[in-house]
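Here the structure comes first, spelled out in structure tokens, and everything after it is commentary.
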Amino acid sequence: MHRTPLSQEVRKSLNMLMFTLFGMLLAISIYFFLRVTSTAEIGYLMRQNQTVQAQLETENRILKQKVMEAQSITTIKEESVPLQQPTGTHFVHPRRPLSSTVRE
């Protein structure tokens with residue numbers, strides 16, 4: 001049986017430990033970089049969407065104001081065609097005095 005000296009075993013273990021720690025540090029650094037990048041990208045997209053939403057809300061308010069102005073009675077009177085007088089009067093039932101109406 002061939003035994004290796006303790007100093008070689010310690011050196012080999014130390015090298016494996018250093019390699020493992022370096023690998024873990026590298027993996028964690030890559031994960032952190034990817035996470036920060038995706039978070040920044042999501043934040044940027046969210047800010048863009050907030051800007052678009054603000055623009056749409058402004059446009060919505062303007063359009064609602066235009067609708068309210070168009071529906072206002074003064075605007076309708078200003079823009080409407082003058083009313084014509086009826087040419088004749090037609091009743092569905094023959095005209096009779098109010099006192100002749102009897103309720104049973």
| said: Let's see if you can work this out: charge +1 on each Lys and Arg Cβ, -1 on each Asp and Glu Cβ, no other charges. What is the dipole magnitude of the stretch 6-75 about its Cα centre, in debye to the nearest 20? | reply: 160 debye
| task | Could you point to the residue in GLN53, GLN71, MET24 farthest towards the positive end of the stretch 6-75's charge dipole, with +1 and -1 charges on the Cβ of Lys/Arg and Asp/Glu respectively? | result | MET24
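Taken together, the values in this text are just the output of simple stated rules run on the coordinates, not laboratory data. Just so it is clear, the model here is predicted, and its values are computed rather than measured. Methodologically, a virtual Cβ is constructed for each residue, glycine included, from the backbone with ideal geometry; neighbour enumeration extends over all protein chains shown.
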